[in-house]
Amino acid sequence: MTSSPVSSTSPLRFLRCNECGQPLPEDFEPPADEPWTTGIFGCTEDTESCWTGFFCPCVLFGRNVEKMREDTPWTHPCICHAVCIEGGVALAAATAVFHGIDPRTSFLICEGLFFAWWMCGIYTGNLRQNLQKKYHLKNSPCEPCLVNCCLHWCALCQEHREMKNRLSDNVAMPMTVVNPPPVQEMNSAPENQDPAPSSGNGTTMEMQAL
């Protein structure tokens, strides 16, 4: 039985623990047992995100995505949220106001509301799921998609507070800087170096046979 040679130049890649730096097995999955710093109904703990999520949930969602993905500006998810979710609710409301609620328009109204509800669970639930994976958070109070379907505005505010608290904890965390010891070099004397001259009064000693 022969084994394929492993190139000595290929780097070894493996997971490391963020706390102690020890290598982890390839199939390691961190446990999702960390509690959320705030509850799902703690919207009033951060008044700014509370008012933003109540009047402009698309803006708050865009800011949350921007914090999670630094390469994505907040305007792109904000527009997508406004078109898909607020747009579905606005379509249903406009249909009910201008055409009334009757058997002919009820299907269009239900379709707009169902589309908005579905996008709450799929589109915005993906962000909550990524947030839980990043910080090893447990499902609270239930699955991410179901939380955004039933408590969409509360979920957006909770996610914003969670990222805000986590980032503030990372900034305030004290860091110990350890400087490495200086490098010591040992230089060998050249072989052709002349011997050290004799010190003192310049006298010489001769040895004669008896």
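Here are the numbers:
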{"item": "Pick from the stretch 38-73, criterion outside any helix (DSSP H, G or I) and in contact (Cβ under 8 Å) with a residue 12 or more places away in the chain, ranking: surrounded by the fewest Cβ atoms within 10 Å (Cβ to Cβ)", "result": "F41"}
{"item": "Residue count, the stretch 12-37 (criterion: modelled with pLDDT under 85, part of a loop (DSSP other than H, G, I, E, B) and surrounded by 13 or more Cβ atoms within 10 Å (Cβ to Cβ))", "result": "1"}
{"item": "Residue check, A96 over 25 Å from L167 (Cα atoms) and either assigned to a helix (DSSP H, G or I) or modelled with pLDDT under 80 (or both)", "result": "yes"}
{"item": "Residue within the stretch 103-114 that is farther than 27 Å from P35 by Cα, out of contact with any helix residue (DSSP H, G or I) (no Cβ under 8 Å at 6 or more places or on another chain), in a helix (DSSP H, G or I) and among the polar types (S, T, N, Q) present", "result": "yes"}
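Yes or no, residue by residue, for (1) modelled with pLDDT of 90 or more; (2) open to solvent by less than 70 Å² (accessible area, probe 1.4 Å); (3) within 21 Å of F54 (Cβ to Cβ); (4) of a type outside the set (A, V, I, L, M, F, W, C):
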site	(1), (2), (3), (4)
K133	no, no, no, yes
P141	no, no, yes, yes
C145	no, yes, no, no
E162	yes, yes, yes, yes
P174	no, no, no, yes
V178	no, no, no, no
P182	no, no, no, yes
E185	no, no, no, yes
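The values are calculated or read from the model by the stated rules, or taken from the named source; none is laboratory data. Computed from a predicted model, the values in this text were never measured in an experiment. In this analysis, Cβ positions are derived from the backbone assuming ideal geometry, glycine residues included, and neighbour counts consider all displayed protein chains. These area figures cover heavy atoms from the full protein model, side chains too; ligands, DNA and RNA do not enter into them. Shrake-Rupley method; radii C 1.70, N 1.55, O 1.52, S 1.80 Å.
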